[in-house]
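Asker: Quick one: the structure is below, questions incoming.
The values are calculated or read from the model by the stated rules, or taken from the named source; none is laboratory data. Please read these numbers as outputs of a predicted model, since none were measured by experiment. Don't worry about glycine lacking a Cβ; one is built from the backbone with ideal geometry, like all the others, and counts go over all protein chains shown.
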Amino acid sequence: MSSSALGFKLKPGVLTFQDLLFRLQGFWAERGCVLQQPYDVEVGAGTMAPETFLRVLGPKPYRVGYAQPSRRPADGRYGENPNRLFKHTQFQLILKPPPENVQELYLQSLEALGIDLKKHDLKFEEDNWEWPAGGAWGVGWQVMLDGLEITQFTYFQQCGGQDLDPICAELTYGLERIAAFLQDVDSIYDIVWARNPETGAPVTYGEVRLAEELQFSVYNFEIADIDNLWEHFNRFEAEAKGLLAQADTLLASETATPAEKRRFPLLATYELALKCSNLFNVLDARGAISVTERVGVIGRIRTLAVGVAKAYAAQQAA
Amino acid sequence: MSDFLLEIGLEEVPARMIAGAEAELGRRVKELLTRERLLAPEAKLTTYSTPRRLAVLVEGVLAAQPDTDEQMTGPSWKVAFKDDAPTPAAEAFAKKAGVPVSALEKVTTTKGEYVGVTVRRQGVSAAQLLATELPREVLALYWAKNMYWREGKPERFVRPLRWVVALLDAVVVPLEIAGITAGNASRGHRVLHGDRSVVLTLAGSYAEQMRAAFVVADVAERRQIIRKALDKATRAVPGARWREDEPLLETVVHLTEWPTVILGNFEREFLSLPEEVLVTVMRDHQKYFAVEDAHSKLAPHFLAVLNTEADADGEAIIRHGNQKVLVARFKDARFFWDFDQKTPLAERVESLKHVTFQKQLGSYHWKTEQNLRVTRALAAAVKGAGVAFDEAALLKAVELAKTDLTTELVKEFTELQGIIGGLYARAQGLGERVALAIYEQYTPASTEDNIPVSVEGQILGLADRIQTIVSMFGIGNAPTGSKDPFALRRAANAIVKILAESELPLTLDSVLHGSGADGANKEQVAAFLRERLHFYLKDMRSFPYDVVNAVLAAGADDVRDAIARAEALTAARTSSDFEAISAAFKRIKNILRQAGEKGFAVGEAQSGKLAPEAQHLADAAAALAPKVTALREKRAYGEALAEIATLRPVVDAFFDKVMVLDPDPQVRGAHLGLIDGVLRSFSGIADFSEIVTA
């Protein structure tokens, strides 16, 4: 059976969704990156995973890449909008410190995806990134390929309220967008995720993820129990605050040994902060947070995230 | 004489910052060369920029500073030479000047005879000076947003610096900027030229060599190329033209090194979307130029400015990609438009209860009710003065003005707030007056923007803004210093502008009264509005600051009247009679202030008890006052000021001959009464004592 008879247009040699990920992983692994697995706690972006948020702190060089499913409850569209998702996949890359030829490496990574730059229009347009709740910001670009934003390229300057030295380069590839672009499909749900190597039969993005998009839209917009969410939020926050208070005392202590300091569970504390961040996003999608309340709640999450970052830096130095 | 080229290579600089930086770099290089006497008189300076580089070419740099002769003077001759033999003082001076003692000469000055010598200072070479001085000039460039990139954070710049070219003709100037040593290797277009370097052989051939590497370094040339390419691409559509957009053109000029243009198309069906939405997507989101037909209607095409030159195959791919992105965005917009129509604006009023205006104040439902109350008060004042408008339409517009905040389209395109509401009102058959008032409620959005054209839109705009200001001040959110998170200054500027440029019979005071403000809150807001009026007259209308102070001291309520008085005063102040009057009024104010401090009573200016010059002044003022008042009431301010200027001879004579603060309390009181009366009678247009005289 030919591929057109199957109702999809995937040309031989055009990458499937998973091929795309393999190629990016391969490309960056060859350039010295640790390949991590997605972080197993709900996050809104790859930046929030500890492999970025905490690793960028302090002086130690690090290169890491990972695909991160990123939840934005308010962006859900019940699987009806061809371009919008509740959960999209970022390929997140941290290069600390950034090599001098980081832009050239990035362009080579596009070529590794089969994009012939001579046949496309590429622009680096100013786009400065910030995550106020994480006390993080940087300057950089959105990389535009034929009018489509395919990557966010940021030189991190601050994270968790701390000045970074060295700084790092963060490259965030929007995998669904790039796949839809390469495969030339009009809907994300038509992206070929994988195909049977023998028959060529495709498994589409829709088959893999459509139900999730629909059900989480229903939950996030209609059903999530607001009181319950707030209660979870308050509990996670209270526990995180308690841990941070202990961490502050311990890390400032002159009698505690470095080993005692190093075993303090700041990574677990950070997870609690991430839980709060995700709950906030669900509450927001649920319409339970007014414009003015937002600022206050974001401030509460920021207190946790910045608190962890500060303690983490102190712990690393211990 | 040489040509000097400096090129600094950067990762892509934000388009909005390039023009300013290019000009500043040119200025800094020119000032440095001038200061160091390295610039030939006929020298020519050219600047270049692309997203990846800033460059300056100076044709006419001297090889070195000219040598100079410095005249040095040392100790007195008598001290330096005893019996013609040099003393240690002479030797010390010779050593300091770097000459043998035998070179010292006798210099005769008015103070006596001294030891002197002429020392020849050799000029420093251009290469050496540039190497030491230029790096700091480059690093001092202003950028709106900076970053660190090197470890240890030694310097901040807009983006990482990647290469530096510094050439005097064909010779590299050994300078170093941010850890990069200058050479002769530049870089070309990322894709069309690739990673290999562009070796520049001669400073003066910069532009040509860059062109060979697919970089048009000259900004004006790129602008011209883009304009022509836009024209050419548009010709594929008969009768069409591209829509002029200066800011967009500047942006794409600074986003490209080798610009070309493609014409893209979209399905005609999307033209049913409002033009505002289509243009916002094309211009703001995609940086495309819109195309219009012979009747200035949008045509189903767009123009994308590329930073590459692709073959036919590549062009087709690029066109296809851009079309897909645009169509996806249009589809989103159409989906939102259709979705929003399911719930008409009138049915959205209730849901405004769930949209917070300000936590301490209330929701947008509350805000709408408040706006209705203020609107009714302002409408009554306007109607009372006989200005015609559709009151029912106005109230309907106010009721629905904020409902578009609940629409999906506004959530998607927040910059179209108000405009979307107006378009929906029109689509839902609510009438043109209602639709227009909603549409233009946020104009003027800036001090350059126009005010609403409809009276309903003007009143709605005033009511909404004054209500916001008064209620925000009421909960302690007044702007302080540079902090104005609720943009209240912009709101107040808009109030002043609407009052200045409309025909509404309203003043700052009547608008404030209509808001229902009272007590300390009202006084605070009144002072704030007055300060904004001051800003408007001084910074927007460019009246001299002393004229503004003088005019506002005599009344800061009626905006159009204040403008008329400021115009008359600006014209009148240049006459010498008027200057003298201003000086006299300042003197009167000072005397009255001193008298007050000393506890001197101000009496009645009784005739018969006054000296002749004082009597003349009293008579002239009494004769003039009714005339001036009449002219002032007619708003014939120019004529009124001319009349006041005629007082000059009697005023001058009064101050020449009369001692105002006479020792006799009776006489003194009469004098004080006289000048106080003069001040009061003629300060209705402006407080002339504020005028700064030469």
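Asker: Looking only at region B:151-200, count how many residues are more than 13 Å from every other protein chain (Cβ to nearest Cβ), loosely packed, with under 15 Cβ neighbours inside 10 Å and part of a loop (DSSP other than H, G, I, E, B).
Answerer: Selection size over region B:151-200: 2.
Asker: Count, please, the residues in region B:384-412 that happen to be of a type in the set (Ser, Thr, Tyr) and farther than 18 Å from residue B:463 by Cα.
Answerer: Selection size over region B:384-412: 2.
Asker: Considering only region B:52-90, state which residues are among the polar types (S, T, N, Q) and part of a loop (DSSP other than H, G, I, E, B).
Answerer: Listed by number, the residues that qualify are B:65, B:87.
Asker: Another question, then. Based on this model, can you work out whether residue A:55 counts as in a loop (DSSP other than H, G, I, E, B), touching a residue at least 40 places away in the same chain (Cβ under 8 Å), among the charged types (D, E, K, R) and within 14 Å of another protein chain (Cβ to nearest Cβ)?
Answerer: Answer is no for this residue.
Asker: Sticking with this structure for a sec: When the residues of region A:92-101 are narrowed to those that are out of contact with any helix residue (DSSP H, G or I) (no Cβ under 8 Å at 6 or more places or on another chain) and surrounded by fewer than 20 Cβ atoms within 10 Å (Cβ to Cβ), which ends up nearest to residue B:160 (Cα to Cα)?
Answerer: Residue satisfying both the conditions and the ranking: A:100.
Asker: May I ask you to say which residue of A:197, A:166 is at the interface with chain B (Cβ under 10 Å from one of its Cβ atoms) and of a type outside the set (Phe, Trp, Tyr)?
Answerer: Going through A:197, A:166 in turn, the sole match is A:166.
Asker: Which of the residues that make up region B:286-326 are modelled with pLDDT under 95 and of a type in the set (Ser, Thr, Tyr)?
Answerer: B:296 - this is the single residue of region B:286-326 that is modelled with pLDDT under 95 and of a type in the set (Ser, Thr, Tyr).
Asker: May I ask you to list the residues in region B:293-314 that are among the charged types (D, E, K, R) and in contact (Cβ under 8 Å) with a residue 40 or more places away in the chain?
Answerer: B:293, B:309
Asker: Quick test for you: out of B:99, B:117, pick the one residue that is part of a loop (DSSP other than H, G, I, E, B), more than 47 Å from the chain's Cα centre (by Cα), modelled with pLDDT under 95 and away from every other protein chain (no Cβ under 14 Å).
Answerer: Of the residues listed, the single one that is part of a loop (DSSP other than H, G, I, E, B), more than 47 Å from the chain's Cα centre (by Cα), modelled with pLDDT under 95 and away from every other protein chain (no Cβ under 14 Å) is B:99.
Asker: Among the residues of region B:298-343, count how many are crowded, with 16+ Cβ neighbours inside 10 Å, in a helix (DSSP H, G or I) and more than 9 Å from every other protein chain (Cβ to nearest Cβ).
Answerer: So the count comes out to 6.
Asker: Name every residue in region B:18-53 that is among the aliphatic types (A, V, I, L, M) and out of contact with any strand residue (DSSP E or B) (no Cβ under 8 Å at 6 or more places or on another chain), in order of residue number.
Answerer: Scanning region B:18-53 gives a single hit, B:32.
Asker: Taking only region A:5-45 into account, find how many residues are at pLDDT 95 or above and either under 28 Å from residue A:76 (Cα atoms) or assigned to a helix (DSSP H, G or I) (or both).
Answerer: So the answer is 24.
Asker: Taking the condition of being part of a loop (DSSP other than H, G, I, E, B), out of contact with any Asp or Glu (no Cβ under 9 Å at 6 or more places or on another chain) and more than 20 Å from residue A:29 (Cα to Cα), how many residues in region A:59-79 meet it?
Answerer: 1
Asker: Scan region B:359-367 and give yes if some residue there is surrounded by fewer than 20 Cβ atoms within 10 Å (Cβ to Cβ), among the hydroxyl-bearing types (Ser, Thr, Tyr), over 27 Å from residue B:536 (Cα atoms) and within 14 Å of chain A (Cβ to nearest Cβ), otherwise no.
Answerer: No, region B:359-367 has no match at all.
Asker: Could you please find all residues in region B:427-466 being touching an Asp or Glu at 6+ places or on another chain (Cβ under 7 Å) and either basic (Lys, Arg) or under 13 Å from residue B:491 (Cβ atoms) (or both)?
Answerer: B:433, B:441, B:443
Asker: Out of the residues in region B:344-363 that are in a loop (DSSP other than H, G, I, E, B) and touching a residue at least 60 places away in the same chain (Cβ under 8 Å), state the one that is farthest from residue B:423 (Cα to Cα).
Answerer: B:360
Asker: Further question on the same structure: Within region B:9-28, is even one residue assigned to a strand (DSSP E or B), under 27 Å from residue A:104 (Cβ atoms) and either in contact (Cβ under 8 Å) with a residue 40 or more places away in the chain or out of contact with any Ser or Thr (no Cβ under 9 Å at 6 or more places or on another chain) (or both)?
Answerer: So far as region B:9-28 goes, yes, one or more of its residues are assigned to a strand (DSSP E or B), under 27 Å from residue A:104 (Cβ atoms) and either in contact (Cβ under 8 Å) with a residue 40 or more places away in the chain or out of contact with any Ser or Thr (no Cβ under 9 Å at 6 or more places or on another chain) (or both).
Yes/no matrix, rows are residues, columns are (1) touching a helix residue (DSSP H, G or I) at 6+ places or on another chain (Cβ under 7 Å); (2) more than 30 Å from residue B:513 (Cα to Cα); (3) in contact (Cβ under 8 Å) with a residue 12 or more places away in the chain:
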position: B:577; (1), (2), (3): yes, yes, yes
position: B:582; (1), (2), (3): yes, yes, yes
position: B:601; (1), (2), (3): yes, yes, yes
position: B:604; (1), (2), (3): yes, yes, yes
position: B:613; (1), (2), (3): yes, yes, yes
position: B:622; (1), (2), (3): no, yes, no
position: B:625; (1), (2), (3): yes, yes, yes
position: B:645; (1), (2), (3): yes, yes, yes
position: B:666; (1), (2), (3): no, yes, yes
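Asker: What are the pairs with Cβ atoms under 6 angstrom where one residue, in region B:519-547, is exposed (fewer than 14 other Cβ atoms within 10 Å of the Cβ) and the other, located anywhere, is charged (D, E, K, R)? Sequence gap at least six, or different chains.
Answerer: Note: pairs meeting the criteria are B:545/B:538.
Asker: Examine region B:487-502 for a residue that is farther than 23 Å from residue B:385 by Cα, part of a loop (DSSP other than H, G, I, E, B) and under 18 Å from the mean Cα position of the chain (by Cα), and state whether such a residue exists.
Answerer: Yes, there is a match, as at least one residue in region B:487-502 is farther than 23 Å from residue B:385 by Cα, part of a loop (DSSP other than H, G, I, E, B) and under 18 Å from the mean Cα position of the chain (by Cα).
Asker: Can you find a residue in region A:208-222 that is at pLDDT below 95, outside any loop (DSSP other than H, G, I, E, B) and loosely packed, with under 14 Cβ neighbours inside 10 Å?
Answerer: Yes, region A:208-222 has at least one match.
Asker: Continuing with this model, one more query. Determine, yes or no, whether residue B:295 is more than 14 Å from chain A (Cβ to nearest Cβ) and out of contact with any strand residue (DSSP E or B) (no Cβ under 9 Å at 6 or more places or on another chain).
Answerer: yes
Asker: Looking at the structure I just gave you, is residue A:262 among the basic types (Lys, Arg) and either surrounded by fewer than 18 Cβ atoms within 10 Å (Cβ to Cβ) or farther than 23 Å from residue A:53 by Cα (or both)?
Answerer: Considered against the rule, which asks whether it is among the basic types (Lys, Arg) and either surrounded by fewer than 18 Cβ atoms within 10 Å (Cβ to Cβ) or farther than 23 Å from residue A:53 by Cα (or both), residue A:262 comes out as yes.
Asker: With the structure loaded, tell me whether residue B:290 is in contact (Cβ under 8 Å) with a residue 12 or more places away in the chain, small (Gly, Ala, Ser) and either within 11 Å of another protein chain (Cβ to nearest Cβ) or assigned to a strand (DSSP E or B) (or both) or whether it fails that test.
Answerer: Answer is yes for this residue.
Asker: Any idea how many residues of region A:294-318 are assigned to a helix (DSSP H, G or I) and farther than 18 Å from residue A:44 by Cβ?
Answerer: 10
Asker: Hey, another quick one. Name the single residue, out of those in region A:102-123 being away from chain B (no Cβ under 12 Å) and assigned to a helix (DSSP H, G or I), that is surrounded by the fewest Cβ atoms within 10 Å (Cβ to Cβ).
Answerer: A:112
Asker: Can I ask one more? Would you pick out the residues in region A:124-138 that are buried (at least 23 other Cβ atoms within 10 Å of the Cβ) and within 7 Å of another protein chain (Cβ to nearest Cβ)?
Answerer: Within region A:124-138, just A:124 meets the criteria.
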